[in-house]
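A short reminder: the numbers here are calculations on the coordinates, not readings from a lab. Remember, predicted model here, so these are calculated numbers, not experimental data. Here the Cβ positions follow ideal geometry from the backbone for every residue, glycine too, while neighbour counts run over all protein chains shown.
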Amino acid sequence: MISTILIFPIIACILVLLIQNKKFNTFMVNLYAILHFVITILLVNGQGKSIPYFAIDSTNLIFLLVLSFVFLMVAIYNSGYVKNLDFPAKKISHYSFMILVFVLSMTGTLLSTDLGISWVLVEATTLSSAYLIYFNRTKHSIEAAWKYVFICSIGIAMAFVGIILLNISTGAINSLSFAELYNNAQNFNTIWLKGSFIFMLFGFGAKMGLAPAHFWLPDAHAEAPSPISALLSAALLNSAYLVIVRVYKIMEIANCTNYARLMLLLMGFLSLFVTAVFVYHIKNYKRMLAYSSIENMGILAIGTALGAYYAVILHLIGHSLAKASFFMTSGNILELFDTKRIKSVSGLIQADGKTGWLWVVSFLAICAFPTSLLFISEFLMIKEMILQGHYILCALFALLLTIVLFGIGRVVIKMAFGKISEDKAKIIEENQNKVCKLMYIPQIIMLILVFVMGVYIPPFINNIIKLAQTGF
Amino acid sequence: MLYLAATSRIIAHIRILVAQGILLFLICCCGMEHIDKLNFAFLTVETLVVKAIVIPWFLFRVLRKTHSNRDAAANIPHFYCLVIASTLMLFGVLASNYYISTMKLISPMFFGVSVATIIISLWLITIKHKIISNVIEFITMENGIFLLSLSVAKEMPMLVNLGVLLDVFIAVYILGLFVNEINKEFNDLEVSHLSDLKDYE
């Protein structure tokens, strides 16, 4: 099972490169998405076996499920999106090729049972998505791609220093497989282990978008094509997060929990703070969504530090679904208005009712409006903070979230309501037929899921989440 | 590394890379009797072929295409660069000597030099103005990390080594391509051109 999920895209890649036909290439991406989803469902039902270096366990199951579902939705959206692309077939084939490699490396990161392999694959995600970010070939996109590759490569190099330090701290054990690290973590040299944790948290945190190393994130998310932004935000950040979770568990077993918690809390609150400061001055609505991703990654880090793992997993699911739908809707707006500037967009609901309401509802989902899954998760986190007696942290958390909420809400409402200016009306008239049905359906499905899961979580998903908790 | 801080001609930088590659190759040959043959062969070939030949050759080509030879305006005069780099080097060696008593696993000489290399590279990245010199510093940093992994007496698993090599190589390749593209797009390789994307105007 696992081998199929990993080998199929390689074959598909070769086919895509050989047969440079737009329809065929998009079909291959869709086929992989469907296959990915089916296999994941089979794995959920316990049909999977492990192969060397890759295995499914209780922790990565939920991550894989989220990735698979988001990828399926992105693939549906993508088949509508590609129709509007006015590029030669060769370029589309490269585009599809890179999507396949990108998803393959993310899947590999999630499934790998070895820290070294995880590292290699995380770096592979950077390299494959760099092309996707540069896809539009403008001055801005090359700048974003350059920053992305450079910052993430240096970050990941730092993570490798962390791995080497970890290797020093392990003493006699010469292996990087997580199972063996967990078994022997109690005997590790704590000084080196602490050093290695800083490096790894910073390195993989750069990839995940935690604050001190988040600078690539708004640029990359804003300049990438919208389906790619959705994948970056809803899947890539999670896979880097999984590696951090696994390393955090080593710290937990080695009795360095307090230290690791402090680091995570620090980075988490810094992320929230950065978002709260920057979200007010934003002129580009896709950058705004990217900052919201930084904020949500910060919340995940804080939740992990608090030990509210159930809430963290709920938040992860909710954020992935809501943010993917948010980014896809922003893609629709970009198609309609032909601009990323917030100032030039108004009267969205008047221009295109469905896009407009999707924009508003996505916002409600991401800002934790009750019955959104994010509401439950953030509520649980605040409850955990109060139970543990961190009243100041709790107040700070709520304050920062409110500031971010206000910053985003102001922009969303300004864009959604109001009247369209006359020159914009013409552009919209021309672009109206670019947005097809396929570009609404995925968002609707995901938003319904987010709001339904806030009230009712199906028992089998609940079981998976409970299982995943044990792996943290 | 000190030379790298002191000089501003990019060709000289690339020559340093070649020298570093060969040095690493020699270190591999001398110091690695205890690891198995396959891994040994792989490491030596990697350092000699990739680090000393392929990457520098590729950078030479990029350089010829982009006609940029001098990173004229570093933020800090060369003399101070040299002083700071030397201090960092001293710090690296001292740090390694401090830790040698606690850990037997590490060969202190390599450890000190590699720590110094990594820090100096990171610092040079922040002060250089041409993006191609940033790429070169990135590679020296990777070399430093490689030396660090050699200084630990245990070797990494073969598969990880292979993956790391592949990733670094592709990263350099992609960065090189981007250097070309940026050159085409902006007619120059100054870092300051790449500051359009921001939230404050």
Rounded tilt (10° steps) of A:309-337 against the dominant C-alpha axis of chain A: 20
- line: Note, region A:224-236: 3J(HN,Hα) by Karplus (6.51, -1.76, 1.60, θ = phi - 60°), whole Hz, Gly/Pro = x, goes 6, x, 4, x, 5, 4, 4, 5, 4, 6, 8, 10, 5
task: Just need the Rg to Rh number for region A:1-93, please, alpha carbons only, Kirkwood Rh.
output: 1.04
- line: Within 10 Å of the Cβ of an average residue in A:157-168, the count of other chain Cβ atoms is 6
statement: Ordered by fewest other Cβ atoms within 10 Å, a rough proxy for footprinting exposure, A:151, A:41, B:119 read A:41, B:119, A:151
statement: residue A:369 and residue A:413 label points (each 7 Å along its Cα→Cβ direction) are spaced in nm at 1.2
task: Compute the long axis of helix A:89-111 from its Cα atoms, compare it with the longest principal axis of the Cα atoms of chain A, and write down the angle in degrees, 0 to 90, nearest 10.
output: 30
task: Grab the beta carbon distance between residue A:1 and residue B:79, set R0 = 51 Å, and tell me the FRET efficiency rounded to 0.05.
output: 0.25
- request: Please go through region A:125-158 and write out the trypsin sites (Lys or Arg not before Pro) that DSSP classes as loop and that have at most 13 other C-beta atoms within 10 Å.
  value: A:137
- prompt: Out of B:152, A:290, A:81, whose Cα points farthest toward the positive end of the dipole of the protein assembly as shown (charges: +1 Lys, Arg; -1 Asp, Glu; placed on Cβ)?
  reply: A:81
Inverse of mean 1/r across different Cα pairs in region A:37-142, Kirkwood, Å: 15.3
- request: Provide the per-residue ³J(HN,Hα) series for region A:141-153, in order, calculated from phi with Karplus coefficients 6.51, -1.76, 1.60 and θ = phi - 60°, each as a whole number of Hz, with x at glycine and proline positions.
  value: 5, 5, 4, 5, 5, 4, 4, 4, 5, 5, 5, 5, 5
- request: Treating the angle as unsigned and between 0 and 90°, give the value, to the nearest 10°, between the Cα long axis of helix A:353-366 and the longest Cα principal axis of chain A.
  value: 20
statement: Counting sequence-distant residues (5 or more places) and residues on other chains, those with an amide H built under 5 Å from that of residue A:51 are none
statement: Given a Förster distance of 45 Å, the FRET efficiency implied by the Cβ-Cβ spacing of residue A:457 and residue B:93, rounded to the nearest 0.05, works out to 0.20
query: Dividing the convex hull volume of the Cα atoms of the protein assembly as shown by its residue count, what figure in Å³ per residue is obtained?
result: 152
message: Are there any trypsin sites (Lys or Arg not before Pro) in region A:338-433 that are in a DSSP loop and have at most 16 other Cβ atoms within 10 Å? List them by number.
response: A:343, A:419
- prompt: What is the spin-label model distance, in nm, from residue A:262 to residue A:281 if the labels are put 7 Å beyond Cα along the C-beta direction?
  reply: 3.2
- request: Can you pull a Stokes-Einstein diffusion coefficient for region A:213-326 at 10 °C (1.306 mPa s), Rh from Kirkwood over Cα pairs, as a whole number of µm²/s?
  value: 110
Selection of trypsin sites (Lys or Arg not before Pro), region A:21-54, meeting DSSP coil and at most 11 other Cβ within 10 Å: A:49
- line: In terms of the charge dipole of chain A, which places +1 on Lys and Arg and -1 on Asp and Glu at the beta carbon, the residue among A:32, A:438, A:131 farthest towards the positive end is A:438
- request: Let me know the shape class of region A:228-277, please: from the alpha-carbon gyration tensor, a ≥ b ≥ c as square roots of the eigenvalues, rounded when a/c is under 1.5, otherwise prolate if a/b is greater than b/c, or oblate.
  value: oblate
- prompt: What is the magnitude of the charge dipole of chain A about its Cα centre, with +1 placed on the Cβ of each Lys and Arg, -1 on the Cβ of each Asp and Glu, and no other charges, expressed in debye to the nearest 20?
  reply: 720
field: For residue A:114, residues with placed amide H under 5 Å, excluding near neighbours
entry: A:178
- prompt: What shape does region A:401-466 have by the C-alpha gyration tensor, where a ≥ b ≥ c are the square roots of the eigenvalues, rounded means a/c under 1.5, and otherwise prolate means a/b greater than b/c and oblate the rest?
  reply: oblate
message: How would A:266, A:127 line up from fewest to most surrounding beta-carbon atoms within 10 angstrom?
response: A:266, A:127
task: Could you tell me which of rounded, prolate or oblate describes region A:330-472, using a ≥ b ≥ c as the square roots of the eigenvalues of the alpha-carbon gyration tensor, with rounded for a/c under 1.5 and, failing that, prolate when a/b is larger than b/c and oblate otherwise?
output: oblate
- request: Would you mind checking the pairs A:323/A:437; A:354/A:424; A:323/A:343; A:90/B:130; A:23/A:434; A:340/B:130 and listing those with alpha carbons more than 24 angstrom apart?
  value: A:90/B:130; A:340/B:130
- line: Full extension between residue A:18 and residue A:402 adds, at 0.36 nm per residue less the Cα distance, a length in nm of 133.1 nm
- request: Could you check the simple spin-label distance between residue B:57 and residue A:38, using points 7 Å along Cα→Cβ, in nm with one decimal?
  value: 4.5
- request: Please work out the ratio of the alpha-carbon Rg of region A:248-384 to 2.2 N^0.38 Å and round it to two decimals.
  value: 1.20
Region A:333-383: relative contact order in percent, alpha carbon pairs under 8 Å with at least 6 residues between: 16
field: Dipole in debye (nearest 20) - region A:137-232, about Cα centre, beta carbon charges: Lys, Arg +1; Asp, Glu -1
entry: 100
message: At 222 nm, what value in deg cm²/dmol follows for chain A if DSSP H runs of at least 4 each add -39500 (n - 2.57) and the sum is divided by all its residues, to the nearest 500?
response: -26000 deg cm²/dmol
